[in-house]
1. State the Kirkwood hydrodynamic radius of segment 149-206 in Å, one decimal place, computed from all pairs of distinct Cα atoms.
2. Once you've got the GNM for the chain with C-alpha springs shorter than 10 Å, pick whichever of Glu63, Glu180, Glu152 has the biggest mean-square fluctuation.
3. Just the number, please: Stokes-Einstein D of segment 116-186 in µm²/s, Kirkwood Rh from C-alpha pairs, 25 °C, 0.890 mPa s.
4. Compute the projected area of the convex hull of the Cα atoms of the chain, averaged over all viewing directions, and report it in nm² to one decimal place.
5. Between Thr164 and Leu100, take the C-beta separation as r, use R0 = 35 Å, and let me know the FRET efficiency to the nearest 0.05.
6. Divide by every residue of the chain the summed helix terms, -39500 (n - 2.57) for each DSSP H run of at least 4, and state the resulting mean residue ellipticity at 222 nm, rounded to the nearest 500 deg cm²/dmol.
7. For the chain, with a Gaussian network of springs between Cα atoms less than 10 Å apart, report the residue from Ala22, Ala12, Ala169 with the top mean-square fluctuation.
8. How big, on average over all directions, is the shadow cast by the Cα convex hull of segment 81-161, in nm²?
Amino acid sequence: SKPVVVAIDGPAGSGKSSVSRATARALGFDYLDTGASYRALSWDLLDRGIDAAEVDRVIEELERFDFRIGTDPDDYYVRVGSTDVTDAIREPRVTAVVSLVARIPEVRRGLNERFRAIMAGTPKPGIVAEGRDITTVVAPDAPVRILLTASEEARMGRRSKELTSETAAAVGEALRTRDEADSRVVDFMNAADGVTTVDSTELDFDQTVEAVVEVVAQTT
Ligand code: C5P
């Protein structure tokens, strides 16, 4: 039978990735980090010296872009060709350009096709897919659609926990700038019709996972 898709969207620093992965683990589902794909393409463009503004070259590169992403929540990796980029795609130089790459409509269409193929092809009973436009564009028919939010203060606080105060301020600023840029392309700050909001501001990590699993249990 068709795999159950759990679609989760939310802003940067909402804990989306770790919550989605833990939810997948709890349900015995696969896990798809769509942001990692935008990051992997951005890494690849930087590696080849292609500027995001050279849209024709970006589209050409997208056609031959060979990336693999681990969808087992216990075996997560991202590869471009034979290079493991799991850590490299988190580098600030990648984060700094990813919004420019993600706003190109052809890039979004091309990656969305790959996401849909990955979702349909999971060998597990379901897959948790997270990003910015999963509930609205990639899988609007998913039986479970969740917007994971948290107050800006909580999101900044979580992101900067391990950092010194100077870098925390810089990280907060970068996060705000990226959310602003991304919001111009897709709205992930407001829940679309039929999308359940889970606000994690007052919840710790385990409570947030429980809340998401509860929404899945109620909907499926
Ligand atoms: O989720 P993460 O912060 O890793 O996403 C990196 C970037 O990828 C976002 O800032 C956004 O520009 C882009 N993205 C997107 N649509 C998605 C997932 C990510 O545009 N579904």
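1. Numbers: mean 1/r = 0.0777 Å⁻¹.
Every distinct Cα pair counted, the radius reaches 12.9 Å.
2. Result: Glu63 has the largest fluctuation of those listed.
3. Numbers: Rh = 14.6 Å.
For the chosen part, D equals 168 µm²/s.
4. On the way: hull surface 47.1 nm².
Mean projected area for the chain: 11.8 nm², to one decimal.
5. Numbers: r = 28 Å, r/R0 = 0.80.
After rounding to 0.05, the efficiency reads 0.80.
6. Numbers: 8 runs with 105 residues, N = 220.
So the helix-based figure for the chain works out to -15000 deg cm²/dmol.
7. Ala169
8. Numbers: hull surface 30.6 nm².
Projected over every direction and averaged, the Cα hull of segment 81-161 covers 7.6 nm².
Bear in mind that the values in this text are calculations on the coordinates, not laboratory data. What you see is a predicted model, and the numbers here were worked out from it, not measured in a lab. Please note: Cβ atoms are built from the backbone with ideal geometry, for glycine as well, and neighbour counts cover all protein chains shown.
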